[in-house]
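The values are calculated or read from the model by the stated rules, or taken from the named source; none is laboratory data. Treat the numbers as computed from the prediction; the structure is a model and nothing was measured. Note that we place each Cβ from the backbone using ideal geometry, even for glycine, and neighbour counts take in every protein chain shown. Just so you know, the surface numbers come from the protein's heavy atoms only, side chains and all, with ligands and any DNA or RNA stripped out. Shrake-Rupley method; radii C 1.70, N 1.55, O 1.52, S 1.80 Å.
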Amino acid sequence: LPRMQSSGSKPCPCPSFKLREVASMYFTMIAVFLVILVVALQGSAPRGSDFPYKVPLDPQGLLELSWNVSYPEQAVHFQLLIRDLRFGLLFGMSDRGEFENADLAVLWSDGHNSYFGDAWSDAQGQLHMDSQQDYQLLGARRAPEGLYLLFRRAFSTCDPKDYLIEDGTVHLIYGILEKPVHSLQAINISALHRGLQRVQLLKPNITVPELPSDMKTMEITAPNVVIPSQETTYWCYMIELPDDFPKHHIIMYEPVITAGNEALVHHMEVFQCAAEFDSFPHYNGPCNSKMKPDRLNYCRHVLAAWAMGAQAFYYPKEAGLAFGGPGSSRYLRLEIHYHNPLVFKGRHDSSGIRLYYTATLRRYDAGIMELGLVYTPVMAIPPGEDAFILTGYCTDKCSRLALPAAGIRIFASQLHTHLAGRKVVTVLSRDGRERQVVNADGHYSPHFQEIRMLKELVAVFPGDELITTCTYNTEDRSRATVGGFGILEEMCVNYVHYYPQTQLELCKSAVDPGYLHRYFNLVNRFNDEEVCTCPQVSVPQQFFSVPWNSFNRDVLKSLYGFAPISMHCNKSSAVRFPGEWEKQPLPTITERLPEPVPRCRPTPGPRPAAPVPLDLGQLRRD
């Protein structure tokens, strides 16, 4: 929409005829602009195909966001459907879903006139009109289902008040105005009905491969679950494949969501069970129930994973994920995370994942490899840390031994930590030089995990190193957080999906236990409080007894940065490849990848710090 800027000329007590003409043209243009906008409001809804990605913002489904990504323009186009417009709303982005220090697009009404503008909130949550208007309104349209608001935002604006849209998770926030406000500054954020939604905004631009004619489908869905009336539920359901189910390739999968539950089904995963067990008990219930059989914990091999905002997942045309046949378990576990913050009661659900598979096997079996840290308590995070870093290594020695001469191609990745994780990145290093980021998420959330297709294949050759680094926040914890399987313990993992499949299933590391023992001895020497290093005392107990002063914190950080590692270069049978894997030196990195510098595209013209007026008709009143 055109933006108007006042003239910079000095005031004159008696304007000339020419200046009056300019003023007349100015106001005529404003009038035409408003007429065009009002006409646009009466149009039909935009075509859904223009916005391929969609997610409900709120649990009731009153706000629905659709978007598309233009990599040539380096911009995201948003379409926001407001089903029950009252007196406006806030929509925006922030580091982790906070409403303080947020970057916002705001629609508000004083009860008579409506306005749209780019704003930001300070550390106290006070709203301010942005001096650089980078949320560009493209139009607004009324339709039977509600009001469509269309606007655009560049990835990078070089405005210090704006959020940098980058690869990985984006925390979207919203707030609904239920009363008129006389100005932007009068909006009280704390009084709004508000919430957040996590998405991957920058979807990869991938060509969908042609699907075979003999393709079949299998729906793995939970049968008529009554969603518990609590905020968070993980539901587990066991499925058994038919007897003598031969080997197939999964080539695609997509979500199956029960209509009306789109805002409640947060994410879903399908796991294959361990082949060494002949059978698994049937189960249909909460995953944390005491009634859940322990054997279900051996169903951990991920076949499919979906999270809100994700579309169908396609395997590359050269590869498929094998399931069925000899050496493959017939038992699968579906896990659904229900997010029910409004505590709806009696909602029935039969959601799940639809697998597309073929008996015509593709050239390569796809494989899944674990990178990062071993699940062990020797890797720990002190309490009260805002950004503590742990790193796991897949060394050149392991890749040289386990990978084929032609290498492998990574096409997708799923990052994973527990509750303290804040950032995860895996970098490919070759000959001591960092070459390429495999996958990175600078705004990672343990509550939003999905298998993400990469924008381009990553080639990994024998002798390469894959280094996975996780950043943790333990400011809300009073004792050390150790590595392990418990939800209050931590992990640092990247499940990379690749082809051709190799015997290498796990390439991870941990600090050498002997060096950690020396650390505890050093703590004893320099502290009044004794840390028991007796053999019968577990590593977690030793960490829990450490007095976490600055010296003990800094020494632990240094230990993880120089001590040798225990490498786990494992086959699928959990047996290590032959070789010496203890007390291995850390990889030496002589050249780092440069930090990415945001590129700001030139703007089409001046965008003054003034809201755009909108005529939205009679808004609903209390």
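Cβ neighbours within 10 Å, averaged per peptide: list 306-315, 471-480, 576-585, 55-64 in order, most packed at the top.
Values: 306-315: 20.6, 471-480: 16.2, 576-585: 13.1, 55-64: 18.8.
Highest mean packing first, the order is 306-315, 55-64, 471-480, 576-585.
Roughly how much of residue 317 is accessible, in Å² to the nearest 10, using a 1.4 Å probe?
Number for this one is 150 Å².
Where Rh denotes the Kirkwood radius from the mean inverse Cα pair distance, what is Rg over Rh for the stretch 226-288? Walk me through the intermediate numbers first.
Numbers: Rg = 14.8 Å, Rh = 14.8 Å.
Result for the stretch 226-288 is an Rg/Rh of 1.00.
Specify, per residue and in Å³, the volume enclosed by the convex hull of the alpha carbon atoms belonging to the stretch 534-573.
Working: hull volume 5.1 nm³, N = 40.
Cα-based convex hull of the stretch 534-573, divided per residue, equals 128 Å³.
With helices defined as uninterrupted DSSP H runs, which ones in the chain have an alpha carbon span along their own long axis of at least 27 Å and mean Kyte-Doolittle hydropathy of at least -0.5?
On the way: long enough: 17-41 (36 Å, 1.92).
Counting only whole DSSP H runs, the qualifying helices are 17-41.
Ordered by residue, what ³J(HN,Hα) values in Hz, to whole numbers, does the stretch 78-89 give under the Karplus form 6.51 cos²θ - 1.76 cosθ + 1.60, where θ = phi - 60° and Gly and Pro are x?
Coupling constants for the stretch 78-89: 9, 10, 10, 8, 10, 6, 9, 6, 9, 10, x, 7 Hz.
Going Cα to Cα from residue 345, which aspartates and glutamates come in below 13 Å? Please leave out same-chain ones fewer than 8 positions away.
231
On the full set of protein chains, 1.4 Å probe, figure out the accessible area of residue 423 and give it in Å² to the nearest 10.
About 100 Å², rounded to the nearest 10.
Suppose the Debye formula is applied to equal point scatterers at every Cα of the stretch 215-362; what is log10 I(q)/I(0) at q = 0.09, 0.11, 0.17 Å⁻¹?
Listed by q, the Debye log ratios stand at -0.28, -0.42, -0.96.
Can you find, among 233, 253, 271, the residue sitting farthest towards the positive end of the charge dipole of the stretch 216-296, where Lys and Arg contribute +1 and Asp and Glu -1 at Cβ?
The listed residue farthest towards the positive side: 233.
Average the reciprocal distances over every distinct pair of alpha-carbons in the stretch 53-203, invert the result, and give the Kirkwood radius in Å. The partial results should precede the final answer.
Details: mean 1/r = 0.0649 Å⁻¹.
With all distinct Cα pairs of the stretch 53-203 included, I get 15.4 Å.
Which lysines, on any chain, are close to residue 455 with Cα under 23 Å apart, when same-chain ones fewer than 8 places away are left out?
Straight-distance partners of residue 455: 54, 203, 317, 423.
Hey, any idea what the orientation-averaged projected area of the convex hull of the chain's Cα atoms comes to, in nm²?
The Cα convex hull of the chain, projected and averaged over all directions, gives 34.6 nm².
Which whole-number percent of Cα pairs in the stretch 368-571 have a distance greater than 24 Å?
Details: 8509 of 20706 pairs.
Counting every Cα pair in the stretch 368-571, those more than 24 Å apart make up 41 percent.
Accessible area, 1.4 Å probe, largest first: how do 207, 391 sort?
Values: 207 120, 391 35 Å².
Descending order: 207, 391.
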